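The values are calculated or read from the model by the stated rules, or taken from the named source; none is laboratory data. All of these numbers come straight from a predicted model, not from anything done at the bench. When we count neighbours, we look across all protein chains shown, and the Cβ atoms used for this are built from the backbone with ideal geometry, even at glycine. Accessible surface areas use protein heavy atoms only, side chains included; no ligands, DNA or RNA. Shrake-Rupley method; radii C 1.70, N 1.55, O 1.52, S 1.80 Å.
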Amino acid sequence: MSQPNVPLIGAGNPRRAARESLSSAAARKVERPAPLRQAVYEALLDLIVNRTLKPGQHLVEIELAEHLGVSRQPVREALQRLQTEGWVDLRPAQGAFVHTPTDEEADQLLSVRNVLETYSAKLAAQHATPEDVEQLEKLQNEGVAALKAKDVERVVAANAALHTFITQLSGNTVLAEMIATVDRRVRWYYAPLALTRGKDAWNEHADIIAAINEGDAERASLLMGRHTERTRTAYHEHRDASQSK
């Protein structure tokens, strides 16, 4: 029995061509809404990290949608994603709330940060050039200026930029990726401490930069370990003081 003449999709293997055609169509279908979903997710996450939306705060979909100028659907999707990542708590019959970190969560994250960044500083001291040190000093000056202006958001951004650059100087891609995964959460924990911890923190940064400049890997590692441990201690002291009020 003769087969009907069916036009082939593209040249070569018809089945492969059909799969490629389907994949292309599916990709176009997914790409259209993806940028909006991602933009809403990023906007809400930034509001949480900089503590415009505070831990424990009720998140009302319609209010967030109006604030961002979007419909409720991408907000709902973003909240579900944020819940999966631990930034938001979805409570039955109550709604969504910004997650309030426990002492154990904070301690675990800041302890991991201590280990990663201590090693990062050690490697940075082994690889940094005079130009790299000059850039570190520029980042240091930006942080000190932000601190004098008492601009919390700017201080947090400068602190993150300085630590990120030290990580880049390590030359270890895997280490940089691991630190990047905890960066936003570290900034979230650091925001309430930015001013009270500020002067001491930036003095400690100056000492770390000096050790990196001298190529003293062991001292850079030791100073970074002390620095991140003091931040961890300061976070717990701040939390204890807040809870006792």
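Summary of values
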quantity	calculated
Within region 169-245, helices (runs of 4 or more DSSP H) holding 1 or more residues that are more than 17 Å from the chain's Cα centre (by Cα)	198-213, 217-244
Candidates Val186, Val152 - the one that is open to solvent by less than 50 Å² (accessible area, probe 1.4 Å), β-branched (Val, Ile, Thr) and in contact with a helix residue (DSSP H, G or I) (Cβ under 7 Å, 6 or more places away or on another chain)	Val186
Within region 205-245, considering residues that are hydroxyl-bearing (Ser, Thr, Tyr) and free of Cβ contacts under 8 Å to residues at least 60 places away in the same chain, the one nearest to Tyr119 (Cα to Cα)	Thr233
Glu104, sole failed condition from (1) part of a loop (DSSP other than H, G, I, E, B); (2) closer than 26 Å to Arg230 by Cα; (3) without any contact (Cβ under 8 Å) to a residue 12 or more places away in the chain	(1)
Number of the condition not met by Ala121 [criteria: (1) within 19 Å of Leu45 (Cβ to Cβ); (2) surrounded by 18 or more Cβ atoms within 10 Å (Cβ to Cβ); (3) small (Gly, Ala, Ser)]	(1)
Counted residues, region 44-92 - those being closer than 29 Å to Asn159 by Cα, open to solvent by less than 80 Å² (accessible area, probe 1.4 Å) and in contact (Cβ under 8 Å) with a residue 24 or more places away in the chain	17
Any hit, region 162-176, residues being aromatic (Phe, Trp, Tyr) and crowded, with 19+ Cβ neighbours inside 10 Å	no
Test: residue in region 121-137 that is within 20 Å of Thr233 (Cβ to Cβ) and touching a residue at least 24 places away in the same chain (Cβ under 8 Å)	yes
Criterion: at pLDDT below 95, of a type in the set (Asp, Glu) and either under 15 Å from the mean Cα position of the chain (by Cα) or open to solvent by 10 Å² or more (accessible area, probe 1.4 Å) (or both) - qualifying residue of Glu131, Glu105, Glu137	Glu105
Some residue of region 214-232 being touching a His at 6+ places or on another chain (Cβ under 8 Å), hydrophobic (A, V, I, L, M, F, W, C) and farther than 19 Å from Lys148 by Cβ	no
Glu66 being farther than 16 Å from Trp188 by Cα and either at pLDDT below 95 or assigned to a helix (DSSP H, G or I) (or both)	yes
Filtered residues of region 93-102 (kept if surrounded by 15 or more Cβ atoms within 10 Å (Cβ to Cβ) and at pLDDT 90 or above)	Ala96, Phe97, Val98, His99
